[in-house]
Amino acid sequence: DAACKNRPLDLVFIIDSSRSVRPEEFEKVKVFLSKMIDTLDIGERTTRVAVMNYASTVKVEFPLRTYFDKAAMKEAVSHIEPLSAGTMTGLAIQTAVDEVFTEEMGTRPATFNIPKVVIVVTDGRPQDQVQDVAASARTAGIEIYAVGVGRADMQSLRVMASEPLDEHVFYVETYGVIEKLTSKFRETFCAVNVCALGTHDCEQICVSNGGSYLCDCSAGYTLNPDKRTCSAVDMCEPGRHECDQICVSNNGSYVCECYEGYVLNPDKRTCSAMDMCAPGRHDCAQVCVSNDGSYSCDCFEGYTLNPDKKTCSAVDMCASGRHDCEQVCVRDDLFYTCDCYQGYTLNPDKKTCSRSITSSLVTTEESCKCEAIAALQDSVTSRLEALSVK
């Protein structure tokens with residue numbers, strides 16, 4: 001990697017050596033410092049570097065005025081020893097403001113317009129007040145980068161770092177990979193990277209392009225005609241999303257939802273029909289019939305669905321067309337039986353009827369008597385009618 005040119009800095013490293021940083025991890029921090037020194041244009045008239053070490057107390061390992069060549073500076077870094085105990089990050093930043101960023105300790109006068117930069121490396125949560133101290137330092141013109149490792153508290157990193165936070169807050173999983181940040185800081189501090197100078201007017205992403213720059217947008221956004229600002233893309237346009245049923249646009253992104261009667265599957269994209277006939281989901285009086293995310297009501301045999309499409313009423317089984325009785329239908333709750341008119345008997349099929357047969361025989365003599373009685377009754381009736389007329 002070529003060293004940075006044409007952007008002198010007054011740069012102070014503040015490194016955490018509290019008890020949570022194991023000896024082998026602290027050695028990784030020193031390797032990181034050495035790699036950073038290699039990428040910088042170190043010199044009295046270019047970039048000056050100071051290193052501070054902190055835990056419960058703060059130690060200025062060397063100020064900005066001490067070393068102006070890389071070899072001597074790296075040798076001094078190799079001899080730094082951890083302090084252990086607590087994590088007084090606020091105290092360390094305040095000490096940098098009061099004791100390191102002074103002209104006596106090598107900081108160049110404000111008239112030189114040399115950027116004052118702090119890089120804090122920590123793996124824990126500050127045990128003192130850091131927010132107000134960091135804000136005061138930033139107000140004094142100090143640009144703060146916060147590097148978190150492993151167990152570092154991200155909120156604390158964001159509180160102490162300068163804006164924009166996505167350019168000043170970094171995180172790595174372990175000290176073993178902290179060297180990955182070397183190239184990122186090199187790009188940030190090199191004057192040839194116009195985007196790193198902070199003088200661009202890109203709303204979201206600045207892309208260095210030789211001695212100039214271009215603007216770009218984050219995923220889910222598109223560059224406006226002014227070539228600087230960005231607008232959220234409608235991610236729910238056809239072809240942009242993977243939702244099975246409903247896409248809900250959400251500020252450059254989207255979430256999937258389902259129609260009524262469906263539930264979102266664990267993949268957060270597809271939907272499955274809900275069992276609408278599960279207990280408590282429907283209001284059918286007797287039978288619920290599930291129907292692809294919806295339902296309809298039905299009734300047991302012998303009942304009919306009422307106009308409300310929910311409740312049921314018993315069917316009149318003796319209504320015309322519902323039974324097969326030849327003469328008389330007798331309703332019995334949800335069922336019926338057949339019967340016959342007087343003078344008829346029900347056949348074995350329990351449906352049809354036959355005329356009844358009299359078991360007694362009528363003699364000729366009895367027949368004659370009956371005819372005589374009938375004639376007498378007719379004669380009496382005629383006689384009475386004649387008298388009635390007179």
- Message: Looking only at the stretch 283-310, count every residue that is closer than 26 Å to Tyr259 by Cα and either among the hydrophobic types (A, V, I, L, M, F, W, C) or in contact with a helix residue (DSSP H, G or I) (Cβ under 7 Å, 6 or more places away or on another chain) (or both) and tell me the total.
- Response: 6
- Message: Suppose we filter Pro225, Pro307 for residues that are more than 30 Å from Cys215 (Cβ to Cβ) and assigned to a loop (DSSP other than H, G, I, E, B); which single one remains?
- Response: Pro307
- Item | Leading residue by the ranking (farthest from Arg19 (Cα to Cα)) among those in the stretch 45-102 that are open to solvent by 50 Å² or more (accessible area, probe 1.4 Å), hydroxyl-bearing (Ser, Thr, Tyr) and under 45 Å from the mean Cα position of the chain (by Cα) | Thr57
- Taking Phe101 as the residue in question, decide whether it is over 18 Å from Pro126 (Cα atoms), modelled with pLDDT of 95 or more and assigned by the TED database to the domain that holds Ile144. yes
- Message: With the requirement that a residue be more than 18 Å from Leu9 (Cβ to Cβ) and in contact with a helix residue (DSSP H, G or I) (Cβ under 8 Å, 6 or more places away or on another chain), what does the stretch 62-90 give you?
- Response: Ser78, Ile80, Pro82, Thr89, Gly90
- Task: Exactly one condition in (1) modelled with pLDDT of 65 or more; (2) closer than 30 Å to Glu326 by Cβ is not met by Ser359; state its number.
- Result: (1)
- Item | Selected residue (only one of Asp128, Asp132 is farther than 19 Å from Leu11 by Cα and in a helix (DSSP H, G or I)) | Asp132
- Item | Residues satisfying the stated conditions in the stretch 218-231, i.e. within 19 Å of the chain's Cα centre (by Cα) and either modelled with pLDDT of 90 or more or surrounded by 15 or more Cβ atoms within 10 Å (Cβ to Cβ) (or both) | Gly220
- Kindly provide the set of residues from the stretch 1-23 that are polar (S, T, N, Q), modelled with pLDDT under 90 and within 42 Å of the chain's Cα centre (by Cα), ordered by number. Ser20
- From Gly90, Gly86, which residue is touching a residue at least 24 places away in the same chain (Cβ under 8 Å) and in contact with a Pro (Cβ under 9 Å, 6 or more places away or on another chain)? Gly90
- Item | Only one of Ala110, Ala134 that is open to solvent by 40 Å² or more (accessible area, probe 1.4 Å), closer than 26 Å to Cys195 by Cα and among the hydrophobic types (A, V, I, L, M, F, W, C) | Ala110
- Query: Within the stretch 250-284, restricting attention to residues that are assigned to a loop (DSSP other than H, G, I, E, B) and in contact with a Leu (Cβ under 9 Å, 6 or more places away or on another chain), which residue is farthest from Ala219 (Cα to Cα)?
  - Reply: Cys258
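The values are calculated or read from the model by the stated rules, or taken from the named source; none is laboratory data. What you see is a predicted model, and the numbers here were worked out from it, not measured in a lab. Virtual Cβ from ideal backbone geometry, glycine too; neighbours counted across all protein chains shown. When the accessible area is computed, the model is the full protein with side chains, heavy atoms only, and any ligands, DNA or RNA have been set aside. Shrake-Rupley method; radii C 1.70, N 1.55, O 1.52, S 1.80 Å.
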